[in-house]
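Okay, so here's the structure we're looking at.
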């Protein structure tokens with residue numbers, strides 16, 4: 001089978017997800033998107049061959065996302081029970097309040 005840049009990029013994505021190399025994912029996602037935009041309708045056989053590979057890669061993406069969610073929940077649980085605080089000269093405890101409200105994603 002000839003070298004397929006899209007298949008290679010998907011292999012690379014799965015390997016980086018498994019390795020936890022998340023910093024490189026945005027650039028790799030752009031590369032994959034560009035390669036996918038270059039596909040033609042006549043590439044149906046190629047797409048069928050890649051279907052199993054994309055299913056495996058999607059499973060890795062889901063697992064990474066679930067891991068991040070679980071870690072975030074655990075951090076929230078751990079810090080929610082004992083919020084960070086400070087003490088004044090009289091020994092009175094006061095919680096630390098962020099100087100800015102948390103950013104909201106839209």
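The table for this structure:
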| item | result |
| --- | --- |
| Pair residue 35, residue 73: separation of 7 Å Cα→Cβ label points (nm) | 3.4 nm |
| Cα-based Kirkwood hydrodynamic radius, the range 5-83, one decimal, Å | 14.4 Å |
| Angle between the chain longest axis and helix 25-37 axis [Cα atoms, degrees, rounded to 10] | 30 degrees |
| The chain, relative contact order in percent, only Cα pairs under 8 angstrom and at least six apart counted | 23 percent |
| 0 to 90° range, to nearest 10: angle between helix 44-81 axis and the chain longest Cα axis | 0 degrees |
| Approximate spin-label separation residue 88-residue 104, in nm, with each point projected 7 Å along Cα-to-Cβ | 3.2 nm |
| Using alpha-carbon coordinates, inclination of helix 5-19 to the longest axis of the chain, degrees | 30 degrees |
| Computed [θ] at 222 nm, deg cm²/dmol, the chain (DSSP H ≥ 4; -39,500 (n - 2.57); rounded to nearest 500) | -21500 deg cm²/dmol |
| Distance between modelled label sites at residue 53 and residue 22, nm, 7 Å Cα→Cβ extension | 2.6 nm |
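A short reminder: the numbers here are calculations on the coordinates, not readings from a lab. Nothing here was measured: the structure is a model prediction, and the numbers come from that model. Neighbour counts run over all protein chains shown; Cβ positions are idealised from the backbone, glycine included.
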